[in-house]
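Asks: Here's a structure for you.
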There are 2 protein chains.
Amino acid sequence: MKEQKTEYDVVILAAGDFPTDVTAMRILRNAKHLIACDRAVEDLLEMDIEPEVIVGDGDSVSATTKAKYQHIFHTIEEQEDNDLTKATKYALQHFNLSGTPTFCYLGATGKREDHTLGNIALLIHYYKQLNIVPTMVTNYGWFTVSQGKTTFAAFPKQQVSIFQIGCKRIESEGLKWNIYPFNELWQGTLNEAVGNSFTIDSDSAYLVYQTHKPKE
Amino acid sequence: MKEQKTEYDVVILAAGDFPTDVTAMRILRNAKHLIACDRAVEDLLEMDIEPEVIVGDGDSVSATTKAKYQHIFHTIEEQEDNDLTKATKYALQHFNLSGTPTFCYLGATGKREDHTLGNIALLIHYYKQLNIVPTMVTNYGWFTVSQGKTTFAAFPKQQVSIFQIGCKRIESEGLKWNIYPFNELWQGTLNEAVGNSFTIDSDSAYLVYQTHKPKE
């Protein structure tokens, strides 16, 4: 059963909307390794939490912070990858992680919508290409990636959306509306958990979004 | 040349983050036809703007508002479509629109990320299936849909992202990095306008996101 948890091998805080959800705060404090992307470090320091590493060009970080944390600042000059990917690759290269490590992304949505869209799409890329188990927690819900047959912990009236591109077969049990191999991203939105779990089975990777709160 | 404008045949205000950008406010006030989705009407009334129609189930609207605006409330019982699509179809069925009408979507991002993702994906669907010209304006930038050869008004250092699925050929002029037929959504993000316009040519529909402000 895939349940929401608060302990991850690596937690990466991006510079979108700072997480205010209780679960997100617990995830930050429980991180085995914590990386801040660029100016996200400013919010983090206000919470009295220090990251292990700061990844970014430092352009948007105050001179004071930059000077104080120079020793953990890692500038990665690379145009193809965004900060989220740079931080992920840094973790895989420098931390002593074994097996298939769990990564949690916070602050990766909100503000510019192209960043939000790109970051969500990257979760599937990381899952397929980097051999990690990625989760993204936002102030409204969380995204997980899976494939094959997986059962997800839920609660009645939890709002659920499934995003996939390229599944030839995908089906569900325990959701209000049975899912099918959607051709368009919007077709898997606005579903709902009936009880305390639901199961998805597919022939390829898919993203699941579950809200923190039931529908009002 | 495709330029950002403030006059649209139909403006649809969804219940995401209420627009605070100056352009968005002008678009609201200049709307030929204005539809509010469900509880978005509450924010609208606070601005002293009345919609022509309210589409939604009314669950999240206060009893006072509902009673006062009962005459323009349209409940559409339909599970496949979300409120944005219901409002769009309502406009096409009930308003006297000629040719290829222009639609502007406001408040369609922010809050739940699955709604944001679904609403953005719907723009391409509307463009292809409903024969309208959709634009979505947010507090950070705007999305437009096009295909074939189109020149977009821009400014130096405007941040630009291109989203497409299924183009066999797509190329650009006037962007910092030349685009190509991306396989994944994140690959078209983080581009930048070099001058006061850029041109895209493709064999299929694509979404363009342009920020309101240049990169800091």
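We did not get these values from a lab; they are worked out from the coordinates using the rules stated. Remember, it's a predicted structure, so these values are computed and weren't measured experimentally. Neighbour counts run over all protein chains shown; Cβ positions are idealised from the backbone, glycine included.
Asks: Which pairs, out of A:K111/B:K5; A:K68/A:K111; A:K111/B:K2; A:K128/B:K2, put more than 31 Å between their alpha-carbon atoms? Could the numbers behind the result be given before it?
Replies: Values: A:K111/B:K5 22 Å; A:K68/A:K111 27 Å; A:K111/B:K2 24 Å; A:K128/B:K2 37 Å.
In this structure, A:K128/B:K2 exceed 31 Å between Cα atoms.
Asks: So, one more: Counting every Cα pair in region A:65-133, what percent are over 13 Å apart?
Replies: Here the tail beyond 13 Å accounts for 71 percent of pairs.
Asks: Estimate the FRET efficiency between A:W177 and B:A153 by the formula 1/(1 + (r/R0)^6), using the beta-carbon distance for r and 56 Å for R0, to the nearest 0.05. Write out the running numbers ahead of the final one.
Replies: Values: r = 42 Å, r/R0 = 0.75.
For A:W177 and B:A153, the calculated efficiency is 0.85.
Asks: What number results when the radius of gyration of region A:148-214, computed over Cα atoms, is divided by 2.2 N^0.38 Å? It would help to have the intermediate numbers written out before the result.
Replies: Details: Rg = 10.8 Å, N = 67, 2.2 N^0.38 = 10.9 Å.
Dividing the Cα Rg of region A:148-214 by 2.2 N^0.38 Å gives 0.99.
Asks: Going through region B:106-213, which chymotrypsin sites (Phe, Trp or Tyr not before Pro) have at most 16 other Cβ atoms within 10 Å and a DSSP loop state?
Replies: The qualifying sites are B:W177.
Asks: Specify the inter-centroid distance of region B:178-216 and region B:130-160, based on alpha-carbon positions, in whole Å.
Replies: 9
Asks: Given the protein assembly as shown, what percent of its DSSP beta bridges are antiparallel, to the nearest 5?
Replies: 55
Asks: Report the FRET efficiency, 1/(1 + (r/R0)^6), for A:V194 and A:T100, where r is their Cβ-Cβ distance and R0 is 30 Å, rounded to 0.05.
Replies: Once the sixth-power term is evaluated, E becomes 0.50.
Asks: Given Cα pairs under 8 Å that are at least 6 residues apart, what percent is the relative contact order of region B:87-157? Let's see the in-between values first.
Replies: Numbers: 60 pairs, mean separation 20.4, N = 71.
About 29 percent, as a whole number.
Asks: So, one more: In cubic angstrom, how much convex hull volume per residue do the alpha carbon atoms of the protein assembly as shown span?
Replies: Taking the convex hull of the Cα positions in the protein assembly as shown, it is 148 Å³ per residue.
Asks: Please state the charge dipole magnitude for the protein assembly as shown, taken about the Cα centre, from unit charges on C-beta atoms (+1 on K and R, -1 on D and E), reported in debye and rounded to the nearest 20.
Replies: Charge dipole, the protein assembly as shown, about its Cα centre: 360 debye, nearest 20.
Asks: What is the helix-to-structure angle for B:113-125, meaning the angle in degrees between its Cα long axis and the longest Cα principal axis of chain B, kept from 0 to 90 and rounded to the nearest 10?
Replies: 70
Asks: Also: With Cβ to Cβ distances under 11 Å as the rule, what net charge do the other residues near B:E171 carry (K, R +1; D, E -1)?
Replies: Here the count lands on -1.
Asks: With a point put 7 Å past each Cα toward its Cβ, work out how far A:D48 is from B:N131 in nm, to one decimal.
Replies: 6.5
Asks: Using the Cα centre of region A:148-214 as origin and beta-carbon charges of +1 (Lys, Arg) and -1 (Asp, Glu), tell me which of A:Q159, A:T199, A:P214 is placed farthest towards the positive end of the dipole.
Replies: Checking the options against the dipole of region A:148-214, the answer is A:P214.
Asks: Turning to a different aspect of this structure: Of all alpha-carbon pairs in region A:1-66, indicate the percentage at a distance above 20 angstrom.
Replies: 25
Asks: OK, next. Quick one: longest stretch of chain B between exposed loop trypsin sites (Lys or Arg not before Pro), exposed meaning at most 16 other C-beta atoms within 10 Å and loop per DSSP?
Replies: Longest gap between qualifying sites, sites excluded: B:33-110.
Asks: Then there is this: Express the relative contact order of chain A as a whole percentage, based on alpha carbon pairs under 8 Å and six or more residues apart in sequence. Please list the in-between numbers first.
Replies: On the way: 456 pairs, mean separation 42.4, N = 216.
This gives 20 percent for chain A.
Asks: Same structure, new question: Is it possible to state the helix-based mean residue ellipticity at 222 nm for chain B, with each DSSP H run of 4+ residues giving -39500 (n - 2.57), the sum divided by total residues, to the nearest 500 deg cm²/dmol? What is it?
Replies: -6000 deg cm²/dmol
Asks: In nm, what does the list of distances from B:M1 to its counterparts in the other copies look like, shortest first, when each label sits 7 Å along Cα to Cβ?
Replies: 6.1
Asks: Round to the nearest 10 and give me the degree value, 0 to 90, for the angle of helix B:83-94's Cα axis relative to the longest principal axis of chain B.
Replies: Relative to chain B, helix B:83-94 is tipped by roughly 80 degrees.
Asks: Still on this model: Please get the size of the charge dipole for region A:10-139, origin at its Cα centre, with Cβ charges of +1 on Lys and Arg and -1 on Asp and Glu, quoted in debye to the nearest 20.
Replies: 440
Asks: Do you know the relative contact order of region B:26-109, to the nearest whole percent, from alpha carbon pairs under 8 angstrom that are 6+ apart?
Replies: Details: 74 pairs, mean separation 21.1, N = 84.
After rounding, I find 25 percent.
Asks: Largest first and in whole Å, give the semi-axes of region B:10-139's equivalent ellipsoid, each being the square root of 5 times a Cα gyration tensor eigenvalue.
Replies: 20, 16, 16
Asks: Taking the label point as lying 7 angstrom from Cα along the Cα-to-Cβ axis, what are the distances from B:G99 to the corresponding position in the remaining copies, in ascending order and in nanometres?
Replies: Nearest first, the other copies' label points are 6.2 nm away.
Asks: State, to one decimal in nm and shortest first, how far the label point of B:D43 sits from each corresponding label point in the other identical copies (label point: 7 angstrom along Cα-to-Cβ).
Replies: 1.9
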